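The values are calculated or read from the model by the stated rules, or taken from the named source; none is laboratory data. Note that the coordinates shown come from a computational prediction; the quantities given were computed from them, not determined experimentally. Cβ coordinates were reconstructed from backbone atoms using ideal geometry, including for glycine residues, and neighbour counts include every protein chain displayed.
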Amino acid sequence: MRSRTPKVLHPLAGRGLLHHVLRAVAPVGARRRIVVLGHGREQVEAALADVVPAVTPVVQERRGGTGHAVRVAMGAFGTDVPTGPIVVLPADVPLLRASTILDLLAAHHAGGAAATVLTAVVDDPFGYGRVVRGQAGEVLAIVEQRDADAATAAVREINTGVYVFDADALTGALSRLTTDNAQGEEYLTDVVGLLVGDGLDVGAHALADPDEARGVNDRVQLAAAGRVLRDRIAHAAMLAGTTIVDPETTWIDADVTLEPDTTLLPGTHLHGGTVVSSGATVGPDCSLTDTFVGADATVSRSTATRAHIGPDSVIGPYSYLRPGTRTGRGVKIGAYVETKAAEFGDGAKVPHLSYVGDATVGPRSNIGCSTVFANYDGVDKHRTVVGADVRIGSDTTLVAPVTVGDGAYTGAGTVVTGDVPPGALAVRAGQQRTIEGWVARRRPGSAAALAAQRACDQEFVDIDADGTVVAAPSGERGAEPGTNGDTAPGPLPRVPGSGGETLGLGVPGRS
């Protein structure tokens with residue numbers, strides 16, 4: 001793999017390769033589950049403790065081959081010598097199904113053999129051990145690729161590395177393994193030949209789906225196995241009632257839950273323990289990790305991690321819901337909005353271009369465009385509380401800790417540093433100051449100055465040499481309200497806007 005991560009921990013559909021195999025064997029109900037550790041054993045052992053703590057790890061100090069590994073594992077039983085069947089599996093076959101292992105065990109019991117090998121017939125057997133059969137179809141031996149002659153290498157039936165052994169037969173054969181082979185290792189496959197030589201029967205159970213035998217030895221094979229698993233998960237989801245518009249661009253981790261009547265649009269990636277409830281639509285181009293999506297919600301072109309999206313909510317496009325985000329029913333989180341550790345009551349809206357972090361936003365409140373919840377003072381995070389039915393004007397900055405009471409307003413551009421009582425209006429802005437002729441004086445000859453002069457020419461206004469605006473006498477042009485003589489229009493009053501999704505300040509009675 002050429003990686004700092006041990007091969008068996010490389011992820012596929014949200015689980016490491018080893019974890020896929022351990023999930024597959026769980027229904028067997030084995031008395032003991034032993035994992036033989038070699039390369040990267042500290043990392044693997046830590047991962048086992050986090051995910052499957054009931055497994056017993058055993059260290060193979062010397063890399064002596066697969067037969068030696070099984071001998072080390074058998075030593076872990078101590079005086080509690082096992083009886084009955086022992087299942088041996090490689091840790092890098094993530095596509096193996098639990099039903100296949102149960103079928104293999106059933107075939108082993110039915111055949112009464114000392115060992116039963118899981119085999120597969122593949123188009124390209126290179127790299128795998130070949131199953132050598134006698135004239136009656138009985139298994140005679142398993143020959144590794146490096147030890148195979150031309151005739152044996154042409155055999156297309158391969159050993160998957162999955163076996164069921166009778167405990168006594170396995171113990172006796174392991175003690176007789178040698179290293180007389182191309183790799184100088186103790187091959188587990190040689191146990192088959194030893195058992196046959198002892199006159200014992202060795203059975204074979206062929207896979208119906210050869211893809212289950214895919215091992216992973218490099219990142220190319222990892223990607224190939226990933227595509228198979230992607231298609232398998234998508235196929236099962238569609239049969240269970242999920243509409244997947246483009247399965248090839250939709251990636252669903254193995255632990256994702258999809259309720260019936262969900263819809264996944266192209267480019268959707270669902271990771272971890274994400275849950276999508278009935279009637280919800282996710283996509284296109286979404287990435288959700290450990291996120292709950294409520295019934296009939298819509299998530300479009302957005303990213304969410306450890307978030308809870310309430311029913312009937314609309315998220316996106318281009319929203320970023322960080323951990324701790326929780327929305328109630330019918331919440332709108334719109335374009336280019338980022339949230340973190342924020343709770344939104346039913347019907348609340350943050351339509352666009354805002355940051356809401358460490359906050360509570362009450363029901364039906366509207367957060368205007370470009371609002372920032374300033375939650376960090378350089379040392380600590382602080383929380384902002386916005387009550388119910390609040391209207392936060394565009395470009396407001398709420399400097400936490402601060403509370404905005406129910407039904408309150410803030411004017412556009414306001415920096416709120418103190419609590420706002422219920423029903424109050426918070427503004428922090430003086431009268432607009434207009435400096436006539438500034439461009440002509442400070443940027444003479446610029447494109448802006450020339451444009452201003454042209455506009456003045458059209459309005460019968462001139463700009464003198466020092467940049468002063470000179471208005472033509474009222475008799476030389478039509479009188480215009482508020483522009484007679486040299487009197488410029490007075491500033492309009494600034495009041496909070498209302499209604500809609502974008503709150504601004506304007507003229508009374510206008511939106």
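Does the range 33-40 include one or more residues that are in contact with a Leu (Cβ under 7 Å, 6 or more places away or on another chain) and surrounded by fewer than 15 Cβ atoms within 10 Å (Cβ to Cβ)? So far as the range 33-40 goes, no, none of its residues is in contact with a Leu (Cβ under 7 Å, 6 or more places away or on another chain) and surrounded by fewer than 15 Cβ atoms within 10 Å (Cβ to Cβ). What about Val220, is it of a type in the set (Val, Ile, Thr), out of contact with any Asp or Glu (no Cβ under 9 Å at 6 or more places or on another chain) and at pLDDT 95 or above? Yes, satisfied. Taken over the range 170-193, the residue count meeting the criterion of being under 15 Å from Glu144 (Cβ atoms) and among the hydrophobic types (A, V, I, L, M, F, W, C) is 5. The condition of being at pLDDT 95 or above, within 17 Å of the chain's Cα centre (by Cα) and small (Gly, Ala, Ser) holds for only one of Gly324, Gly328, that being Gly324. Check the range 220-227 and report whether any residue there is touching a residue at least 24 places away in the same chain (Cβ under 8 Å) and charged (D, E, K, R). Within the range 220-227, none of the residues are touching a residue at least 24 places away in the same chain (Cβ under 8 Å) and charged (D, E, K, R). Residues considered: Arg130, Arg156, Arg146. Of these, the only one that is crowded, with 18+ Cβ neighbours inside 10 Å and more than 24 Å from Ala26 (Cβ to Cβ) is Arg130.
Taking the range 424-437, which residues are loosely packed, with under 13 Cβ neighbours inside 10 Å and closer than 20 Å to Ala455 by Cβ?
From the range 424-437, those loosely packed, with under 13 Cβ neighbours inside 10 Å are 429-435; that's our starting set.
Scanning the range 424-437 gives Gln432, Thr434, Ile435.
Yes/no per residue for (1) among the acidic types (Asp, Glu); (2) farther than 27 Å from Ala280 by Cβ; (3) surrounded by fewer than 20 Cβ atoms within 10 Å (Cβ to Cβ); (4) touching a Ser or Thr at 6+ places or on another chain (Cβ under 7 Å):
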{"site": "Val331", "(1), (2), (3), (4)": "no, no, no, yes"}
{"site": "Thr339", "(1), (2), (3), (4)": "no, no, no, yes"}
{"site": "Phe344", "(1), (2), (3), (4)": "no, no, no, yes"}
{"site": "Pro363", "(1), (2), (3), (4)": "no, no, yes, no"}
{"site": "Asn366", "(1), (2), (3), (4)": "no, no, no, no"}
{"site": "Ala374", "(1), (2), (3), (4)": "no, yes, yes, yes"}
{"site": "Val379", "(1), (2), (3), (4)": "no, yes, yes, no"}
{"site": "Thr384", "(1), (2), (3), (4)": "no, yes, no, no"}
{"site": "Ala388", "(1), (2), (3), (4)": "no, no, yes, yes"}
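Selection of the range 296-342 for residues being under 15 Å from His269 (Cα atoms) and basic (Lys, Arg) yields Arg301, Arg306.
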